[in-house]
Every structure is written in C-alpha cells, then in structure tokens.
Amino acid sequence: MTALFRGLAAALLIPLAAGAQQATPVPASLSVDQAVELALANNPALRQSLNARRSAAAATRSARGQLLPNLSSSAGASWREGRQQVFNGVGFGANANTLGSSASVNASLNYGLDVFLQPKSSKIAEQATEAEADAASQQLRTTVTQQYLIALQAQARSILQDTLLESNRLQVDLAKAKLAAGSATTLDVQRAEVALGQQRVQVVQARNTLAIEKLRLFENLGVTPPDVDLVLTSSFSVSPVSVPLADLVDMAKKGNPNVIARRAREDAAAVNQRIAKAAYFPQFSLSAGYGGFTNSFTDNNFTVTQALSSKQSGCYQRGAVLEIVGQPFDPATCAGISLSPQETAAARSANSAFPLGFTRNPYNVSAQFTLPLFNGWQREQRVAEASVARDNAKQLVRQQELAAQQAVRTAYLNLDAARQTVAIQDDNGKLAREALLLAETRYRVGQATFLDVANARADFSRAENDRITAVYDFHRAFAALEQAVGRRLR
C-alpha cells in the first residue's frame, strides 16, 4: 500500500511541477541577462534538448553495466489434476491432485572486445550530447539577445514618435496663435492638425509594434507575460570589438559549441569503427544457475497410502516368488503390515514441502568461446559502414569549422560596417535636428511656411529612424559575432 501511495503521489506531483515551471514569476523590469536566465530555465525547445543528456547518461550507465554479470530470477507455482497420462500403453502420474512450486537464480557473462569498447563510445557520445546542449543554449542566448534588442529598437522608435507627437501639438498651437495674430492662414492650421492626426497614427503603430516585440520576447523566454507593462533596463554602447579578427577565428575553432559537438561525434565514430572490427575477435560467455522445486499432494492421506504400499510391496514380492517355486503363501500376512506412528508422521511431513520446502536442483556452470569464421560478409559490411560514418564525421567537423570561421569573418565585417553606419547616421541625425529647429524658428518669425516645417520634420523622422536602425543593427551584429565565436565579448 505504501508503494501504491508513493506512485499516486508521484503521478500527481509531476503535473504540479510542470505547472510550477510555467508559473515562473517575471519581474516588472528585465535586463538582458535576466531574460537569458529565464529563457535557459523555461524555454520548451531548450528543455527538450537538455533532456537528451539524461538519455545519453543512461546509455553510458547501460554500456558500463555490460561489464557486470546479468542476473535473473524466477518463481512459480502449479496445480495438476490427479489423473494418469497414458504413453505407449503405460500410465504415468499420480491419481491425486498435486501442488508444485519452483524458484531459480541465473547469472551470465558475455565478454568481447566490443563490450569493453562500448562504454568509451557511449561516454564520448554523452560528451557530444552535452556539447550539443551547450550549442542549443548558446543559440538561445543569441536569439533572446537579438529579440531583446529588437524590442529595445521598437521602444526607441516609440519614444521618437511620442516626441514628434509633442512637436506636432506645439505646431498646432503655434499655427492657431499666428492665425489669431493675423500672420497665418486657416490652411496653415488645417495642415498642422492633419500632421498631428498622422503623427497620432504613427504613435499607435509604434506602440503596437513595441507590445508585439515584447510578446515575442516572452515567447522565447518560455514564460507567461506579466500583467504590468515590462520595462527593459539594459542599455548597450556602440564600441568596436577589442579582439583582433585572427584571435576571434582561433577562438571559434576552439570554443564554438557546434565545432566541439562535431569533434565529439567524430571521436565516437572512431570508437564505433573499432567496435565493428571487434567482430573478428572471439567472444567469451559464462553462465551459472541454481534452483529448486517442490511437489505436494493436496490429499495428505495419499502419501500415507503410498508409504504403506511401499512397505507392503516387499512382502508381496516375496509371496510372488514363493508361489512361483510352489511354496505356500498367505496374502493376509502382507495385508497385516501397517505403518508405525512415526512412519505415518514422516509420510505426512514429506508432503508439506509446498510452497517453500524446495528440493535443490543440481548446480550448472558453463563456459564458451565463440570465434565467428564467416557470416556472409556481414562483418565486412558493418566495418565498411563504420568507416564511412567516421569519414563523414570528419568531414562534418571540417565543414563546421569552415562555417564557424566564415560566420566570424562575416559578423566581424558586418560589425565594422554597422559601426561606420552608426557614425554617419549620428551626423545625419544631428544635421536633421538642426534643420528642423531652424525651420521651426523661421516659421515662428514668419520667414518660412508650415510646409517647410513639415518637410524638415519628415527629414528628421527618417534620419532618426535610420540612426536607431543603425545602432541596433550594430548590436545585433555584435550578438551574431558572439554566437559565431561561442562566448561573450563584452
């Protein structure tokens, strides 16, 4: 009953644990490092990748367990109707119902070169699974960081649109004031109000984009969004990477988790090739067994009758001999033979073996050497397939190394181009802001029209949006470089 209650408790606690993971609290303000930690703990896709480590560890334990003897046990009970079976005209079996039980313990060992190599292969495969899990974690870090940057970019654009909205409101107030003073027309006021309405649309769309990007961030984190508006607290500076390109490429060769995983798979393929070749070597097996049985009649009087018949049978045999030689014999002499109380008790005791009074079976131990000679070139096929798998694994390592180097070089070039773009867009943004201020000043004193102000504001909006895009393109390129290298660089 205790085991039953434990099983029911476990069945109930597993769903509760899963629900607790889904209910992970999310703070109202979130840094990029906190976002990465939440994702590593809750992202469903990553959890599936990490679960593969448990299977790999179990495979390693199983491979090591092959070095230990296999043990098995059995126990059983039987009932047989009291009826004789006839074979070739001769009846076998007792006329009384019988109960029987049996138990046995068996052990076996099977050793070959492949058995000794398999733990090493499984351990290397486990290390490869660990490396693949690290690669998945690194990929998730990059994905979360990229989405965090996208949300920050949407937030910056939303702030920009709010700023432009306030500027448009001031222009409407200014146009109305100038109309009242007689230095502007009704058309100027209408144009200012139209521009304000269009800017309100831009604000709504920017805020909606920000909300959607935050929801996508929560999807990557694997958690439910909080009821309050999330505040993104991390900030990033535009600074070039301080590590030379050659060192970054070397770091990628040594530390890129995908490269490490491919190398581990190549090592496992090399051991598997040796395991395939082990089929040419002999196998040794050893087995041993021990057991016993019981056999009892359901009717205790049947054993007493058998014991009496056995005791009287000697007398009847002597009588038969006397009759053959013509000597007198009285059958009543044999019928008068009876069992003593001790003999009756012994007969009844011999029938009380069921279920645990076992009669031991003989021990058995066997050893065998097996040397395969020919099996239709199946060994050769397995060796060839293992050799091809190893060569393919080697080529995959080279392919992954080339891909990592290419990714580092590409990300490095993109990062440098993005840094230069940010510098240019900063200058463009400053010039556009100065042009907007000049247009607004001239409009205020009547030296420019509202159309000049609207054009200057549109130029400023484009320049500022381009600057924001350039800044976050730089940060995303930096994250891509970290992904290719396989480590943090800032």
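Computed over Cα pairs, the Kirkwood radius of region 97-253 leads via Stokes-Einstein (0.890 mPa s, 25 °C) to a diffusion coefficient of 106 µm² per second. The angle between the Cα long axis of helix 32-42 and the longest principal axis of the Cα atoms of the chain comes to about 30 degrees, rounded to the nearest 10.
Coupling constants for region 474-489 follow from the phi torsions by the Karplus curve (6.51 cos²θ - 1.76 cosθ + 1.60, θ = phi - 60°), and in residue order they are 4, 5, 5, 5, 5, 5, 5, 5, 4, 5, 5, 6, x, 7, 6, 10 Hz; glycine and proline get x. Between PHE284 and ARG61, the FRET efficiency from the beta-carbon distance, with R0 = 30 Å, is close to 0.85.
Secondary-structure-derived ellipticity at 222 nm for the chain, considering helices only, amounts to -24500 deg cm²/dmol, per-run term -39500 (n - 2.57) for DSSP H runs with n ≥ 4. When peptides 210-217, 424-431 are ranked by their average number of other Cβ atoms within 10 Å per residue, the highest-first order is 210-217, 424-431. Rounded to the nearest 20 debye, the dipole magnitude of the chain is 600 debye, with +1 charges on Lys and Arg beta carbons, -1 on Asp and Glu beta carbons, and the Cα centre as origin. Scanning residues 5 or more positions from SER234 or on other chains, those with amide H under 5 Å from its amide H are VAL32, with H placed 1.01 Å from N in the peptide plane. Each part gets one Cα centre, and for region 170-204 versus region 458-478 those centres are 28 Å apart. The H on the amide N of GLN283, modeled in the peptide plane, is under 5 Å from the matching H of THR370, LEU371, each at least 5 residues off or on a different chain.
The string of couplings for region 43-50 from the Karplus curve (6.51, -1.76, 1.60, θ = phi - 60°) is 4, x, 5, 5, 4, 5, 5, 5 Hz, one whole number per residue in order, with x for Gly and Pro. Where does helix 245-255 land angle-wise versus the long Cα axis of the chain, in degrees 0 to 90, nearest 10? Orientation of helix 245-255: about 20 degrees from the principal axis. With the simple spin-label model, which puts each label point 7 Å out from Cα in the Cβ direction, the ASP247 to LEU215 separation comes to 4.5 nm.
The spacing between region 342-393 and region 268-329, judged by their C-alpha centroids, is 20 Å.
Determine, from the Cβ-Cβ distance of ASP452 and THR410 and an R0 of 56 Å, the FRET efficiency 1/(1 + (r/R0)^6), rounded to the nearest 0.05.
That gives a FRET efficiency of 0.80.
Of the GluC sites (Glu not before Pro) found in region 26-130, those in coil by DSSP whose Cβ has at most 16 other Cβ atoms within 10 Å are GLU81. Return the FRET efficiency for the residue pair GLU343, ALA320: r is the Cβ-Cβ distance, R0 is 22 Å, and the value is rounded to the nearest 0.05. My answer for the efficiency is 0.40. Among the listed pairs LYS123/LYS254; LYS253/LYS430; LYS214/LYS254; LYS214/LYS430, which have their C-alpha atoms separated by more than 31 angstrom in this model? From LYS123/LYS254; LYS253/LYS430; LYS214/LYS254; LYS214/LYS430, over 31 Å: LYS253/LYS430; LYS214/LYS254. The modelled label-to-label distance between LEU68 and SER237, using points 7 Å beyond Cα along the C-beta direction, is 5.7 nm. Distance between the 7 Å Cα→Cβ label points at LEU109 and TRP377: 3.8 nm. For region 358-410, the list of chymotrypsin sites (Phe, Trp or Tyr not before Pro) that fall in a loop by DSSP and count at most 12 other C-beta atoms within 10 angstrom reads TYR363, PHE374, TRP377. Can you compute the label reach from ALA403? Point 7 Å from Cα along the Cβ direction, backbone N cut-off under 16 Å, restricted to region 223-265. Residues passing the 16 Å test: 252-265. Computed over the chain, the Cα gyration tensor eigenvalues convert (square root of 5λ each) into semi-axes of 93, 33, 15 Å, ordered from largest to smallest. Against the chain, whose longest principal axis comes from its Cα atoms, helix 186-221 is set at around 20 degrees. You can think of it this way: the chain between ASP330 and VAL204 has 32.8 nm of extra reach, that is 0.36 nm per residue less the Cα-Cα gap.
Projecting the Cα atoms of ALA353, GLN327, ASN428 onto the dipole axis of region 312-429, where Lys and Arg carry +1 and Asp and Glu carry -1 at the beta carbon, places GLN327 farthest toward the positive end. Summing Cβ point charges (Lys, Arg +1; Asp, Glu -1) relative to the Cα centre of region 205-339 gives a dipole of roughly 600 debye. The 3J(HN,Hα) values that the Karplus relation (6.51, -1.76, 1.60; θ = phi - 60°) gives for region 278-292 are, in residue order, 5, 5, 7, 9, x, 10, 10, 10, 9, 9, 8, x, 8, x, x Hz. Gly and Pro appear as x.
Averaging the Cα positions of each part gives two centres, and for region 216-264 and region 396-425 these lie 14 Å apart.
Each value in this text was obtained by applying a stated rule to the coordinates, not by laboratory testing. Please read all numbers here as calculations on a predicted model, not as lab measurements. No Cβ is skipped: glycine too gets one built from the backbone with ideal geometry, and neighbour counts run over all protein chains shown.
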